[in-house]
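Please treat every number below as a calculation from the coordinates, not as lab data. No experiment lies behind these values; they were computed from the predicted model shown. Here the Cβ positions follow ideal geometry from the backbone for every residue, glycine too, while neighbour counts run over all protein chains shown.
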Amino acid sequence: MRDRLARFFYGRNGIDKLSTFLWVVGLILLIVSSIVRRFASSGVGYAIWALALVCIVLSFIRIFSRNISRRAAENERYLSIKNSVVNGFRGRKTRFDQRHDYKFFKCPECKSVLRVPRGKGRIYVTCRKCGARFEAKS
């Protein structure tokens with residue numbers, strides 16, 4: 001039985017991060033749609049249910065797909081978007097944790113975030129990325 005399953009999945013995409021994400025979102029939407037349909041008699045619950053079904057079907061289409069290169073490109077795009085969102089939140093958390101010791105500025109030229117120690121008075125800040133220099137109060 002296990003060999004037959006392995007032969008079936010040979011040459012197919014299989015489970016990746018995007019298909020897992022779609023499957024989990026589909027299950028969550030199914031739960032939400034059942035709750036919404038229980039308390040509201042509108043078509044919103046059925047619309048959410050249809051969206052959940054689409055997510056789950058797309059997940060299984062990706063898992064059984066033989067076009068591995070296209071599915072890999074889709075997965076890479078998903079991972080880059082996910083990583084940019086996660087890193088954005090991680091950077092904000094780090095800045096929030098360091099807010100008592102450091103003051104954060106945005107470079108007026110390249111918009112990168114600069115960190116200087118608090119309590120130094122009026123200082124000149126030089127951006128390490130583009131070399132722009134501006135005056136700021138720490």
>> Show me the GluC sites (Glu not before Pro) within region 55-138 that DSSP assigns to loop and that have at most 14 other Cβ atoms within 10 Å of their Cβ.
In response: 109
> Counting Lys +1, Arg +1, Asp -1, Glu -1, what net charge surrounds residue 83 among other residues with beta carbon under 12 Å of its beta carbon?
Replying inline: +3
> residue 12: net charge of surrounding residues, Cβ under 15 Å, Lys/Arg +1, Asp/Glu -1, itself excluded?
Replying inline: +4
> What does the charge dipole of region 11-88 about its Cα centre add up to, to the nearest 20 debye, if the Cβ of each Lys and Arg holds +1 and the Cβ of each Asp and Glu holds -1?
Replying inline: 140
>> Tell me the relative contact order for the chain as a rounded percent, counting alpha carbon contacts under 8 Å between residues six or more apart.
In response: 19
>> Taking the number of other C-beta atoms within 10 Å as the exposure measure, put 86, 32, 44 in order starting with the fewest.
In response: 86, 44, 32
> If Lys and Arg each add +1 and Asp and Glu each add -1, what is the summed charge of the other residues whose beta carbon sits under 11 Å from the beta carbon of residue 74?
Replying inline: +3
>> Out of the chymotrypsin sites (Phe, Trp or Tyr not before Pro) in region 1-109, which ones are loop residues according to DSSP with at most 13 other C-beta atoms within 10 Å?
In response: 10
>> From the helices alone, meaning DSSP H stretches of at least four residues, give me the mean residue ellipticity at 222 nm for the chain, per-run term -39500 (n - 2.57), in deg cm²/dmol to the nearest 500.
In response: -20500 deg cm²/dmol
> Convex hull volume of the Cα atoms in region 1-90, per residue, in Å³?
Replying inline: 133
> By a straight-distance test (C-alpha under 30 Å), which lysines pair with residue 106 as possible cross-link partners, with residues fewer than eight away in the same chain excluded?
Replying inline: 82, 93, 120, 129, 137
> Tell me, 33, 84 in order of fewest to most beta-carbon neighbours within 10 Å?
Replying inline: 84, 33
> Which distance in Å, rounded to a whole number, links the C-alpha centroids of region 72-116 and region 1-29?
Replying inline: 32
